[in-house]
Amino acid sequence: MTNIFVTADKIEPTGRFIDARFDMTNVELGKALYEEEHVKGAVYWDLNTDLSDLAKGEGRHPLPDKEQLQALFEKHGLDLNDAIYVYDQGASPYATRAWWILNYAGFKHAYVVNGGYQALKDVGLPITTEVPTFPKTNLQLQWNDEILLKRQDIVNIVEGKTKATLLDARSAARYNGEFEPFDKLAGHIPTAQNYDWEQLREGSNLVITSSLLDKVSKDEDIVVYCGSGVTATPIYTVLKEAGYENVQIYMAGYSDWVNHHPVATSN
């Protein structure tokens, strides 16, 4: 088992904190919550402005370039040896998106706080409105390029040139093609299986479920995707926590695929 998720009572008080609270239906809420109060020393990473580059054309939440991400890390004074604790409102996909990006960049001591902000507050960590500043760092990053797949990689899987299991993290209704609230066509990437990421939610925690472990095995190469690379990250992170080694993400997701290739439905 890998140690990615931590409970609030296991936090090292000298660690760094990243507040990743967000709400897809109210994109200003996360920043407002941070400004209202946050864990002392926490910096805020916004899904739209820090963890995505919305000016790019690869899906709805395109991953920023490496240079942009490195600038984000260095601006907030992160060091590769830091213990980094990422929290959101709990059982949400925003802390796991931030954690995945840190993992992609080679940070070895980054963790997702299960229970989210309230759990940290409940164990008595100092809470403040103060926005911290840190000396800028200069990082030599070793990127884990093998965990990030592009559209052509998915084409190769769909066409059988590469053997891997595609796992769609969206709801069954969206996967089946019954409706699509965001993208121009309803359905899923051909050959993909479905596992709704919300099945991993237990209260304010994300947990390893027997239904997920029954869905895919450790000897499979697994590629997780969702609509735009946000809700795929809880499944990715839980699989890694469960000891699955061969897991990758198509971060651009269905919102990228649907603009270039045919889709399938289960109707």
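The values are calculated or read from the model by the stated rules, or taken from the named source; none is laboratory data. Keep in mind that this is a model prediction, so the values were computed, not measured. Heads up, the Cβs are rebuilt from the backbone with ideal geometry, glycines too, and the neighbour counts pull from every protein chain shown. Heavy atoms of the whole protein, side chains included, go into the accessibility calculation; ligands, DNA and RNA do not. Shrake-Rupley method; radii C 1.70, N 1.55, O 1.52, S 1.80 Å.
Scanning region 91-141 for residues that are under 26 Å from T231 (Cα atoms) and assigned to a strand (DSSP E or B) yields A110, Y111, V112, V113, N114. For region 145-182, the set of residues classified as more than 20 Å from the chain's Cα centre (by Cα) and assigned to a loop (DSSP other than H, G, I, E, B) consists of E159, G160, K161, T162, K163, A164, G177, E178, F179, E180, P181, listed by residue number.
Given region 184-267, what helices (runs of 4 or more DSSP H) lie entirely inside it while holding 1 or more residues that are open to solvent by less than 10 Å² (accessible area, probe 1.4 Å) and in contact with a His (Cβ under 8 Å, 6 or more places away or on another chain)? Can you show your working first?
Values: elements: 210-215, 232-241, 254-257.
Correct list: 254-257.
Checking each residue in region 165-176 for being farther than 13 Å from T265 by Cβ and open to solvent by 30 Å² or more (accessible area, probe 1.4 Å) picks out only S171.
Does region 128-147 contain at least one residue that is under 30 Å from T191 (Cβ atoms), hydrophobic (A, V, I, L, M, F, W, C) and open to solvent by 20 Å² or more (accessible area, probe 1.4 Å)? Lay out the reasoning, then the answer.
First, the residues of region 128-147 that are under 30 Å from T191 (Cβ atoms): 143-147.
Retained after the next criterion (residues that are hydrophobic (A, V, I, L, M, F, W, C)): 143, 147.
This time we only want the ones that are open to solvent by 20 Å² or more (accessible area, probe 1.4 Å), so: 143.
The answer is yes, given that some residue of region 128-147 is under 30 Å from T191 (Cβ atoms), hydrophobic (A, V, I, L, M, F, W, C) and open to solvent by 20 Å² or more (accessible area, probe 1.4 Å).
Whether a residue is open to solvent by 40 Å² or more (accessible area, probe 1.4 Å) and not hydroxyl-bearing (S, T, Y) was assessed, and V123 passes this test. Just one of (1) under 19 Å from T133 (Cα atoms); (2) modelled with pLDDT under 95 fails for G57. It is (1). For region 195-216, name all the residues that are without any contact (Cβ under 8 Å) to a residue 40 or more places away in the chain and closer than 19 Å to Y250 by Cα. If the condition is that a residue be without any contact (Cβ under 8 Å) to a residue 40 or more places away in the chain and closer than 19 Å to Y250 by Cα, then D196, E198, L212 are the ones that fit. Checking the structure you have, find out if any residue of region 120-140 is among the small types (G, A, S) and touching a residue at least 12 places away in the same chain (Cβ under 8 Å). No, every residue in region 120-140 fails to be among the small types (G, A, S) and touching a residue at least 12 places away in the same chain (Cβ under 8 Å).
Assessment of region 90-104 against the conditions (in contact with a Leu (Cβ under 8 Å, 6 or more places away or on another chain), open to solvent by 10 Å² or more (accessible area, probe 1.4 Å) and over 23 Å from L200 (Cβ atoms)) yields no matching residue.
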